[in-house]
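What follows is one structure encoded as structure tokens, with my remarks underneath.
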């Protein structure tokens, strides 16, 4: 009997040691989220999760949610992070929602696994959610104008950075619509792995304007989607005679005459699409290849 108890104690100690030895710690960002001076004050309560503006309730999320963080970057635009149980009794998911109308309505922009550490807000439409469940580092890209592809339950660790090993630095390029709040072009996320080594995730940004850029007389409007694009782009608008894709350096890299264009062979970066209609008018649009 004593031997059995000793074995159990040893197993418990071994299990605790194994779990602790796999722990990865979040160290922080190389710079903080920037924000504008605010006249309004926002707070929240849990169970139920409610949002208050200057002490007055503006939104009720109800129960089954545990508030984690609330960041407003100006009086109207804010980001809320909370745990949400799905299916009753299951492990919670980390959810990010955004408001742009003073907290009166909220939009789902990101989902990740538990283990919330921090949310970095890039600008009014983009943020990075950092979660570390056990020893995995997950950086989820959250956006409302360029939403992630896996806004589903359960979340999958595939959106932007999913580091199962946490042994070496990772370098990523991301394309953002609109400028950074901090007018920076990069972000570094640092963690401490189980071997006490500092691992850094280097993210460099390229920026494109929010919306579509056109020539002054460019009506009707042509629209490109998806933008940014990885494999193909689609063009919406009236029939056109021909089109071409021009690199940011001014070199023509592709010609096309259909509403679907294969861009898989293009390098990452920003390109200009020029479209000429039957009236010999030329329209100019930007898109980003990722």
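The values are calculated or read from the model by the stated rules, or taken from the named source; none is laboratory data. From a predicted model like this one, the values you see are computed outputs, not experimental measurements. Because the Cβ atoms are built from the backbone with ideal geometry, glycine has one as well, and the counts that use them run over all protein chains shown.
Please work out if residue 195 is free of Cβ contacts under 8 Å to residues at least 40 places away in the same chain and crowded, with 16+ Cβ neighbours inside 10 Å. No: the conditions fail for residue 195.
Out of everything in segment 241-281 that is in contact (Cβ under 8 Å) with a residue 40 or more places away in the chain and part of a strand (DSSP E or B), what residue ends up being nearest to residue 177 (Cα to Cα)? Selected residue: 270. For residue 133, the criteria (1) free of Cβ contacts under 8 Å to residues at least 24 places away in the same chain; (2) farther than 21 Å from residue 169 by Cα hold in every case but one, which is (2). Based on this model, can you work out whether residue 128 counts as surrounded by fewer than 20 Cβ atoms within 10 Å (Cβ to Cβ) and part of a strand (DSSP E or B)? Against the criterion (surrounded by fewer than 20 Cβ atoms within 10 Å (Cβ to Cβ) and part of a strand (DSSP E or B)), residue 128 does not qualify. Of the residues that make up segment 148-170, is at least one surrounded by 21 or more Cβ atoms within 10 Å (Cβ to Cβ), under 16 Å from residue 186 (Cα atoms) and touching a residue at least 12 places away in the same chain (Cβ under 8 Å)? No, the conditions are met nowhere in segment 148-170. Of everything in segment 263-272 that is at pLDDT 85 or above and surrounded by 13 or more Cβ atoms within 10 Å (Cβ to Cβ), the residue that is farthest from residue 241 (Cα to Cα) is 266.
The numbered conditions (1) within 21 Å of residue 28 (Cβ to Cβ); (2) within 14 Å of the chain's Cα centre (by Cα); (3) modelled with pLDDT of 90 or more; (4) surrounded by fewer than 20 Cβ atoms within 10 Å (Cβ to Cβ) are all true for residue 140 except (4).
Within segment 48-86, restricting attention to residues that are in contact (Cβ under 8 Å) with a residue 40 or more places away in the chain and under 17 Å from the mean Cα position of the chain (by Cα), the residue that is farthest from residue 125 (Cα to Cα) is 69.
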